[in-house]
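J.: Shown below is the structure under consideration.
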Amino acid sequence: MTPRRRFWHVAGAGTAFQAGSAAVDSATVMSALVYQLTGSAVAVGAVSTILRLGWLLPQLFVGYFAGRGASSMPFYVVGAFGRTAAIAMLAIALWVGAKLGGTYAALGTVTLVLWVLYAFLSGIVGVPYNDIVARSVPSERRSRMLSIRFFGGGIVALLVAALADKLFRTLDFPISYSAVLGIAASLMLVSSFIFTAMGEPEQAMPTKAATSFTAYLREGAVTFRDDPVFRRFVFAQWCGGAVLIAAPFFIVAANRLGVGLENVALLLGAQTVGALAGNPLWGWWGDSRGKLSLMRGIAVARMAPQIALLVLLLIPVPPEAAMPVLLVVFFVLGALANGLTIAVIGLLMEISPDDRRPAYSGYFNALTAPAFVLPLVGGLAVASLGTWIVFATALAAAIGQATFLVRIDVRE
């Protein structure tokens, strides 16, 4: 397969997955689903925490085993098709539960259990995806490829958001969510087939593998100690993870501002349009000005949504005035989310030695995982102090992330 065809296979698979993941977005669809099933701010906080920890924690182990094996693709197959099955099971569970008259409490428990399964199976994908993409797409084209992925995925996600809005307004709860999750599973299945169909390029050089898992962990500690760029990037990502303490509570704040949860698809649509609008900028910026420069710019821009929500919550406004502001906030959140993904993936690939890329991905994601427990802590804080506290914390964390990124010099 030619490099050009690999480029488009990766972009096409990403497009389908991006559209599918929009239909299970943790900050809108899943937060709204869990909130309606449980009525608990702690459970809503758990949605984002489960997703991030599930994505990050398995990568430490996958990084070790992928580094010892001859191929990364088998790990991708298990994770990609497994997470698709988890979302399909959740869609079926909601439909069956609704038809059989299951209680919301029971459906809420099933939803969280299957969400845990989805998250951890997704985590298996991270290391092999980074490794295969880095070998398939040259560095100077990666930001462009990711921007195409997000742009194409955003176009399809807009259609998904429009369909979701119709389903939310015409079908009974939770049948409407079952239908939306069924769409998500179908798109994820398409993505998995497109990516695996391209096969895996050969290694340019043999991967350096640790002799044992203990040695692998020891090498990770040495890498953290001796590689200043890697270490500062980890510190910056700790702060970046703390910014996400507010992520699942934008939808809760919208509800408390009088904007009903029946408008969740409109907010998802604004988020998707923002993701589309930002992609050309992020693709150009990452390839032309560098991944570190892009990362710094995104870190500064992440302060804006937190400030906007603090103003809305502390200065009472009528719902009809809050809605336009929230649409702008979700537009910005969508744009920044894609830019952040492009920057983090691109910068991690750039600072990882070619012969240790699976290990570096495993170390990085495992080391940064603890920060992503904070949305669950945010749920406890919201329950006791009010919604404003998570946005104030996220603002402070965004400032911290920008500060650490300024201290990174990729020439070290």
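The values are calculated or read from the model by the stated rules, or taken from the named source; none is laboratory data. These numbers were taken from a predicted model, which means no experiment stands behind them. Cβ: placed from backbone, ideal geometry, glycine included. Neighbour counts: every protein chain shown. Remember, those area values only see protein heavy atoms, side chains included, never the ligands or the DNA or RNA. Shrake-Rupley method; radii C 1.70, N 1.55, O 1.52, S 1.80 Å.
J.: Suppose R0 equals 22 Å. What FRET efficiency, 1/(1 + (r/R0)^6) with r the Cβ-Cβ distance, do S293 and T2 give to the nearest 0.05?
T.: After rounding to 0.05, the efficiency reads 0.10.
J.: Which of the peptides 86-94, 358-366 is most tightly packed, and how do the rest follow, going by the mean number of other Cβ atoms within 10 Å of each residue? Write out the running numbers ahead of the final one.
T.: On the way: 86-94: 22.0, 358-366: 25.6.
The peptides rank, most packed first, as 358-366, 86-94.
J.: Continuing with the same structure: Might you work out the accessible area of W284 for me, using a 1.4 Å probe with all protein chains in place, and round it to the nearest 10 Å²?
T.: 130 Å²
J.: Would you tell me the accessible area of T341, worked out with a 1.4 angstrom probe on the heavy atoms of the protein chains, in Å² to the nearest 10?
T.: Probe radius 1.4 Å; accessible area of T341 about 50 Å².
J.: Binning at 5 Å from 0, report for the stretch 144-256 what percent of all alpha-carbon pair distances ends up in each bin.
T.: Answer for the stretch 144-256: a P(r) of 2, 8, 8, 10, 14, 14, 14, 12, 8, 6, 3, 0 percent.
J.: Over the chain, what relative contact order in percent results from Cα pairs under 8 Å that are six or more residues apart?
T.: Relative contact order here is 31 percent.
J.: Taking DSSP loops as anything outside H, G, I, E and B, show the longest stretch in the chain free of trypsin sites (Lys or Arg not before Pro) there with at most 11 other beta carbons within 10 Å.
T.: Working: sites that count: R407, R411.
Longest run free of exposed loop sites: 1-406.
J.: If you build a Gaussian network model of the chain, linking Cα atoms that sit under 10 Å apart, which residue out of A335, A396, A41 swings the most?
T.: Greatest mean-square fluctuation among the candidates belongs to A396.
J.: For L163 and V406 in the same chain, what is the full-extension length gain: residue separation times 0.36 nm, less their Cα-Cα distance, in nm?
T.: Value of the extension gain: 83.3 nm.
J.: Viscosity 1.002 mPa s, temperature 20 °C: Stokes-Einstein D of the stretch 175-317 from its Kirkwood Cα radius, in µm² per second? Kindly include the intermediate steps, with their values, before the conclusion.
T.: Details: Rh = 20.2 Å.
Stokes-Einstein gives a translational diffusion coefficient of 106 µm²/s.
J.: Also, I was wondering about something else. Please find the FRET efficiency linking F224 to I315, where r is the Cβ-Cβ separation and R0 is fixed at 51 Å, and quote it to the nearest 0.05.
T.: 0.70
J.: Additional query: Quick one: helix 58-68 against the long Cα principal axis of the chain, what's the angle to the nearest 10°, folded into 0 to 90?
T.: 20 degrees
J.: Of the residues P248, P370, P138, which exhibits the maximal mean-square fluctuation in a Gaussian network model of the chain defined by a 10 Å Cα contact cut-off?
T.: P138
J.: Next question. Among T387, T368, T223, determine the one that fluctuates most according to a GNM of the chain built with springs between C-alpha atoms less than 10 Å apart.
T.: It is T223.
J.: When Rg and Dmax of the Cα atoms in Å is calculated directly from the model, which label among [x] 22.7, 75; [y] 20.4, 63; [z] 22.9, 70 fits?
T.: Among [x] 22.7, 75; [y] 20.4, 63; [z] 22.9, 70, the one derived from this structure is [y].
J.: To continue, here is another question. Sorted by accessible area (1.4 Å probe), largest first, how do S384, S186, S40 line up?
T.: S384, S186, S40
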